[in-house]
Every structure is written in C-alpha cells, then in structure tokens.
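Enquirer: Dropping the structure in here first, questions after.
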Amino acid sequence: MKSGKGLLLLLLLCAVRIPCPGEKILHLGTSTTSLVLDARKGGELKFVYYGAKVEPDDLNAILSAGVPYSDAYQAYGKYPDEETPLWVVHSDGNMTTRLVVRDVVTETAGGSTVTVIRTGDDIYPFDVNVCYRTYTDSEVIETWVEITNREKADVVLNRFDSVCLPIHKGDVWTSHLSVGIMGEAGLVEEPLLQGTMSIRNKDGVRNSLNSHSEIMFSLDGRPDERHGATIGAALCYSGNYELAVDTYWGRYHQFRAGICPDNSSYRLAPGEKFVTPPVALTFSLEGKGGVSRNFHRWGRNHVLRHGNMPRKVLLNSWEGVYFDINEEKIVSMMKDAAALGGELFVMDDGWFGGKYRRNDDSSALGDWVADRRKLPGGLKALTDSAAVAGIGFGLWIEPEMADISSELYEKHPDWIIKAKGRDIVAGRGGSQVVLDFSNPKVRDYAVKAIDRILKENPRIEYIKWDSNSGIYMHGSQHLPSDRMSHLHIEWHRGLEDVFRRVRELHPDIVMQACGAGGGRVNWGVLRYFDEFWTSDITDALQRIYIQWGTSHFYPAIAMASHISASPNHQTHRPAPVKFRADVAMSGRLGLELQPADMTDEEMAVCRQAVADYKSVRNTIQMGDLYRLVSPFDRKNVASLMYVSPEKNDAVLFWFRTEPFAGQILPLVKLDGLDRDRMYRVTELNRIDDTPLPFEGKSFSGAFLMNYGLDIPYRHDVPEERKSDFSSRVLHLEAKD
Ligand code: DGJ
C-alpha cells in the first residue's frame, strides 16, 4: 500500500521492479480491459495495471520497462500510518498480518472465469483468497475476498474490504451519488484531494437513501460523458458500507470498498470463512457514458432478475388512494388502468390487517392478511377482477418489519431488533420496528408469510417489497453477547437468505425493491429483484435529476418511473401531463395516481404515452444509454437517448429544465448512432398542432451526431394549454 516518504523511501518502497522469469503475472481481462497482477508465489500480491486492454507485446514491454508496483490487497502491519483493506487481530493478540501468495487457481464455467489468488499470513494459519470473476460477454470484473481462520481461537476482523485498487494520481475526479436538494441520487462530481475521502452508509437496512455504494473515477480530469479514461466501481451489497479513497504519499490514490466496519467488528471462529460482498469494476475510454453502458449490460445479462424480459406498464395505487383502500376503488382503478393500456395493477400499502388496522402508518405491519372490512372478497376477489379486466395483479408487502401495534409483535416481542435493557426506538408512525433477521425463526416466518400469500393467490405476478425503517438502538435478542457486533452483517446475511428462498420458491414472480423510496438501489439486492422504486419524489422535474444520477449505474429497465398527479404531492408543483409522461417514459414507465381524478386531456395523453412507450420499450429497456446534456450543467435543457444494440432504433428524450422567455437552447448532438445510416425522425407523445420541422424527415447518423437537432422550446398548442414546461420524445428508425 505504502509508496514512500522522502526520496529514499520513495525509491525503496515504490521501486520499479522487473519480474524475474517464472514469476506469475496474471493478466485478467475483458474484451476491452485488462487487470494485471503480480502473483508470484511467496511474494506479496501486487497490482500492476488496470485500464484499457493491453496486448501481450505491450504487456511484456511494460513489464520489462519496469512498472511501479503497489499492493493489491495487503493487511495492517507493514505501514501503520495508512489504511489497509484488511485489519485483523490474531487469536494470540498479534495485530499485524503479512499476506503472501500461496498459489493461483482458476475455474471456468458458464461464460465466466473465476481466478482465485490464494494468499495467507506468512506465519499464522490464516487464509485470504483474493477472487476475480471475468465474463466473456461483459466489460465488468467482479472482485471479492474470502477470509478463513485456521487458528485455534477467534480472529477479530476489524476491517474487511472487498477491494483495494490503486489509481494513478493526476487530475482524477470522482462522480458519486448522494442525497441533496435533488432527492436521491444527486450527482456529486469533485476532484480527489489529499487525505481520505469516504462515502458511508450506516442506516442498517436501506443503503442508498443518503448515498450510494457506487463511484466513478475520471482519470483525465473533469468527468465527461463521451471521452476520457474512466473507472467505475459498484459494491454489490445491501448493508452498511464504506467507499474510501486514501490520498497520501506516493503515486497512487488507494480506493477501498467494503462492508462498513464501524460497530461491526467480526469474531471469526476457528474454521469459519468470511466472504465479502463483490465489487464490480469496469473501465472505459468513452467517459462516464461508456462506464454506465458497461454496468447496464452486465447488470441486465448477469445480475438483474429477468434482465432481458421487457417490463410491463403498471399502475400503482399509492399516490392515488394511499391507505384509503377498498374493493370497489381497487376494482375501478384496475379497470381504468387497463383502459389506459396498463398491463399490471399494484395494490400498495393499506390492504392488510386484522385486530390492528392499516389505516395509517402506525399499525398492523407483520399481519399479512387482507383486511376483510376493506376487501370483503379478500385478495382472491381482486385477482379475479384483475383477470376479468385483462390486467396482471401485484401486491405491496414489507416483510422485514413489524409494528408494535400488531398481532405479530404481540406474539413475538423477542423477534425484533432491540438493545438489551433499553427501550424500543420505533421508526415510522411511532410504531415501526425491524425484525431480527439474524434469527432463523424470524426468517422462516418471513419466507412463509410471502409464500403463503403467493400460493393462496397464484394470480399475483408482482411484489413491491418495501422497507421503511433503519436500525435504531442496535441490538439483537438472538445473538450471543460476544457476537453482538455481528448484527449488521448477520442481518444482511439473513435478508439475503430470505430473498434467496423466496426466489427459489417463486422464480418467475416480478419483484420491485423499495426502501422508503430509493433506499434499495443496489446491485447486491438486484440479484433477487427485477427493478427498484427510484424515489418517493414523483415530481417530473425533480425526477429528471434523480433518474440522471441513478442512470450512471443502473439501466432504465430497472428504474421505476411513474406518471403522478398534478400538482405533485411532494413538491406541489403543477406540471402538464405531457411533461410528466415524457419524463416517466425515460425509465420503466408506470402510473401512480387515481385515474378517476384525471381530466379527459390527461387520460388521452396518458393513453397515447402508454401506447407509444410499448412501441419503443425494447429500445428503452434493452438499449444503450447515451446521456447528452446534463441537467446538472444548468444549460436549461436535459437530454438523453437510448439506442438499440443493432443501432437501427433509437429514442431521444429532451426536457426543458428552466424556462425563460426568448431562450436559445443548445443544439443537442445525438450519440451512439451508426454514422452511415439514415434515421427517420417521428415525434412520440405529440401534443402540438403542427408537426416539428423535422417530423418524418431522415438524417444521417453522422449529421445527427455532428450537428444535432434544433428542438423548439415551446409547444404549438392553444393558448389555454400553454405552460412553462416543454419536452419531446423522438423516435429514430434506421431506414434500411
Ligand atoms: C414507501 C414507498 O416508497 C412508497 O412508494 C409507498 O409504498 C409507501 N412506502 C407505503 O407505505
């Protein structure tokens, strides 16, 4: 890790090494990237290179010219003044570790190869496998670490990062997502400065509400969408995390990512193996856009459930009726949803309860039976009505939680998270508590509750899985006192166990991950889910920013994006239905309002939007994303487009973000098209009386990418329908 203080030390520690014959140089890679490590037996594992693909001749030249090496994964001991990815206290109290390479094994199966570099302490029976997975069809390399204690007593893990990646200093900038005035996924871009930069989440349950466990590094200066060497990293984990970059002496920034060790030191028992969550790494010379596309493709092909299955257009009941659910309302909403072209109806919170009722957020969580006072025919009557309406049926559930006012809590007060001797600290509604998923009995209950609902109601095809509380007053009534600090880790192991078992029982069900809005937007969770709820903020203007940030790491197919009522319920901003529909169409389109309250104009525009969306959803959901003009750049416009993999179809979204009279808005240069093909432009969701000047005309990909389209900033609509909002959705079809 260390590279030196002062010239002498610098030369000694950061020495240019020429590998000797017989040394094990590992060249891991994808079709466009290379990761090179020096895994010589008996030596420390060294990082040599990560970036654009190097050909064997270049690699030999690099190696013989000499490369400044850095530790690839080292433990605390050698350089105590700097952070290391691993810090353990051995069974005899020794706080230092020195890992050396024992051997390297590889295994190839089903389109991916796992390379395991087996390292271990040079004097203790303590093993650390540094693992890498590469795919034949993906530009992502996953890396994780497996730590095994073969000592005679517990080893305490104080830090256990999944990755340590040296990044050469220069003008390196980071792009990451944190909550800000823009809501979830606010894009933050800043240069790496001296010291430690750290992004943490310690919510305990939902780890993407305040910050995200993904980051990009733009190596050639200020982040750019189209150009520049860029590294992306995503920690695939549902729990507490820390991403850190240490910038001290030497030529490298050291990037580390893993489970947040705060309050989570882990006693590894003799014979026990601790496996860290994976970090997905990728690299592109096409700037942030290239990195995003790499993540999206990998995610759709290898992580996301049903990643290549087009998603249905749905209507969710939440902002339409909130807790005020009854059979009549739900049945009429389903019919209206079907009439709008919707393919699925999702009944949100408020449907359940027995002794305790769910009329607000203060009771009944955990009592997962339909409230017969609201729904006399139960879920069966609703799923039957959905079938008659020709629409699928989905259900909201929050299996990780209970309310103090619930029959579940009455029966099992010992099933909740609670510190010994302390009062319960309840969350939402003054009553919500978190179930203790470190306890296998509690996990069995959750799996059975979901399984029962789905078995009793085989027509349910979609689950919205919510989680609305963090862990407060951290403590388990199940874990022994010497393992209390394991709670955060055990809780997420338990959560994953529940996800896995539900998936084994119901592989085909479509599941949405939701965490009080966008609290469950993480690749670790998405192994089990089809999509996520992006944010509880449904205001279209604000969603442009939220979805922009989110799109850096997540594809449109997974990003639920709903047309909601005007004025918006969170910002109270009125917006025309055209604008609301256009923004929602740039993700996985849905609606979230009471259709009975919609005007005729809203109905007509939404019907059109749903029909238009269906005609291009394959391109939006499976296509490559090109972000064209960032709303964060304050150019009064935001624009993005999706291009089909064959480049024969594309959809352009254009939104005016700030209205001023007499505005001259920038031309939007398109991207990702085939320069030599001609593309015919058609406006979707059109509301204007006269077509756009380029409607029905064809332009070469080269022209569209070199010059762009001059999009008028006003809609040509009658005076009474004019507003300060403006947006366009353009469909581009290759003519050949
Ligand atoms: C929080 C979610 O983000 C909302 O969409 C909604 O499902 C509510 N919970 C229901 O309580």
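The values are calculated or read from the model by the stated rules, or taken from the named source; none is laboratory data. This one's a predicted model, so the numbers in the text were calculated from it and none came from an experiment. Cβ placement follows ideal geometry from the backbone for every residue including glycine, while neighbour counts extend to all protein chains displayed.
Enquirer: What number of residues in the range 237-273 are surrounded by fewer than 21 Cβ atoms within 10 Å (Cβ to Cβ) and among the hydroxyl-bearing types (Ser, Thr, Tyr)?
Expert: 3
Enquirer: Output the residue which, of all residues in the range 400-419 that are within 16 Å of the ligand (Cβ to nearest atom) and out of contact with any strand residue (DSSP E or B) (no Cβ under 7 Å at 6 or more places or on another chain), is nearest to TRP368 (Cα to Cα).
Expert: The residue in question is SER406.
Enquirer: Taking ALA702, is it assigned to a helix (DSSP H, G or I), exposed (fewer than 15 other Cβ atoms within 10 Å of the Cβ) and not acidic (Asp, Glu)?
Expert: Answer is yes for this residue.
Enquirer: Would you point out the residue of the range 15-39, among those that are of a type in the set (Gly, Ala, Ser) and at pLDDT 90 or above, that is surrounded by the fewest Cβ atoms within 10 Å (Cβ to Cβ)?
Expert: SER31
Enquirer: Looking at (1) more than 27 Å from ALA185 (Cα to Cα); (2) buried (at least 22 other Cβ atoms within 10 Å of the Cβ); (3) of a type in the set (Val, Ile, Thr), which is the one condition that is false for VAL434?
Expert: (1)
Enquirer: So, in the range 283-318, of the ones that are within 16 Å of the ligand (Cβ to nearest atom) and of a type in the set (S, T, N, Q), which residue ends up nearest to LYS464 (Cα to Cα)?
Expert: Within the range 283-318, the match that is nearest to LYS464 (Cα to Cα) is ASN316.
Enquirer: Then there is this: When the range 83-103 is examined, which residues are found to be buried (at least 18 other Cβ atoms within 10 Å of the Cβ) and in a strand (DSSP E or B)?
Expert: Answer for the range 83-103, where residues must be buried (at least 18 other Cβ atoms within 10 Å of the Cβ) and in a strand (DSSP E or B): LEU86, TRP87, VAL88, VAL89, LEU99, VAL101.
Enquirer: Let me ask something additional. Among the residues of the range 176-186, is there at least one that is farther than 17 Å from ASP246 by Cα, assigned to a loop (DSSP other than H, G, I, E, B) and without any contact (Cβ under 8 Å) to a residue 12 or more places away in the chain?
Expert: Within the range 176-186, one or more residues are farther than 17 Å from ASP246 by Cα, assigned to a loop (DSSP other than H, G, I, E, B) and without any contact (Cβ under 8 Å) to a residue 12 or more places away in the chain.
Enquirer: Would you call GLY120 without any contact (Cβ under 8 Å) to a residue 12 or more places away in the chain, more than 28 Å from GLY232 (Cβ to Cβ) and either not in a strand (DSSP E or B) or not hydrophobic (A, V, I, L, M, F, W, C) (or both)?
Expert: In short, no.
Enquirer: Taking the condition of being at positive phi and without any contact (Cβ under 8 Å) to a residue 12 or more places away in the chain, how many residues in the range 630-669 meet it?
Expert: 1
Enquirer: Under the condition of being within 16 Å of the ligand (Cβ to nearest atom) and among the hydrophobic types (A, V, I, L, M, F, W, C), which residue from the range 345-388 is farthest from SER469 (Cα to Cα)?
Expert: PHE345
Enquirer: Ok, one more. Take residues that are within 30 Å of THR143 (Cα to Cα) and either at pLDDT 95 or above or more than 19 Å from the chain's Cα centre (by Cα) (or both) and tell me which of the strands (runs of 3 or more DSSP E) falling wholly in the range 517-603 contain 2 or more.
Expert: 531-533, 559-564
Enquirer: For the range 517-549, name all the residues that are farther than 27 Å from LEU495 by Cα and either within 13 Å of the ligand (Cβ to nearest atom) or without any contact (Cβ under 8 Å) to a residue 40 or more places away in the chain (or both).
Expert: Across the range 517-549, the qualifying residues are THR538, ASP539.
Enquirer: Determine if the range 711-726 includes at least one residue that is in a strand (DSSP E or B) and touching an Asp or Glu at 6+ places or on another chain (Cβ under 9 Å).
Expert: The answer is no, given that none of the residues of the range 711-726 is in a strand (DSSP E or B) and touching an Asp or Glu at 6+ places or on another chain (Cβ under 9 Å).
Enquirer: Further, regarding this structure: Identify all residues within the range 351-393 that are of a type in the set (Val, Ile, Thr) and within 23 Å of VAL442 (Cβ to Cβ); write none if there are none.
Expert: Matches in the range 351-393: VAL369 only.
Enquirer: Being in contact (Cβ under 8 Å) with a residue 12 or more places away in the chain, in a helix (DSSP H, G or I), charged (D, E, K, R) and in contact with a Lys or Arg (Cβ under 6 Å, 6 or more places away or on another chain): is that true of ASP497 here?
Expert: Judged against the criteria, ASP497 is a match.
Enquirer: Starting from residues that are within 16 Å of the ligand (Cβ to nearest atom) and more than 25 Å from the chain's Cα centre (by Cα), keep the ones in the range 330-344 and report whichever is farthest from ILE453 (Cα to Cα).
Expert: MET333
Enquirer: Another question about this same structure. Report whether or not TRP491 is assigned to a loop (DSSP other than H, G, I, E, B), within 21 Å of the chain's Cα centre (by Cα) and in contact (Cβ under 8 Å) with a residue 24 or more places away in the chain.
Expert: No: the conditions fail for TRP491.
Enquirer: If I filter the range 420-431 for residues that are outside any strand (DSSP E or B), touching a Leu at 6+ places or on another chain (Cβ under 6 Å) and away from the ligand (no atom under 16 Å from the Cβ), do I get at least one hit?
Expert: Looking through the range 420-431, none of the residues is outside any strand (DSSP E or B), touching a Leu at 6+ places or on another chain (Cβ under 6 Å) and away from the ligand (no atom under 16 Å from the Cβ).
Enquirer: Of MET484, MET511, which residue is buried (at least 22 other Cβ atoms within 10 Å of the Cβ) and not in a loop (DSSP other than H, G, I, E, B)?
Expert: Answer to the selection: MET511.
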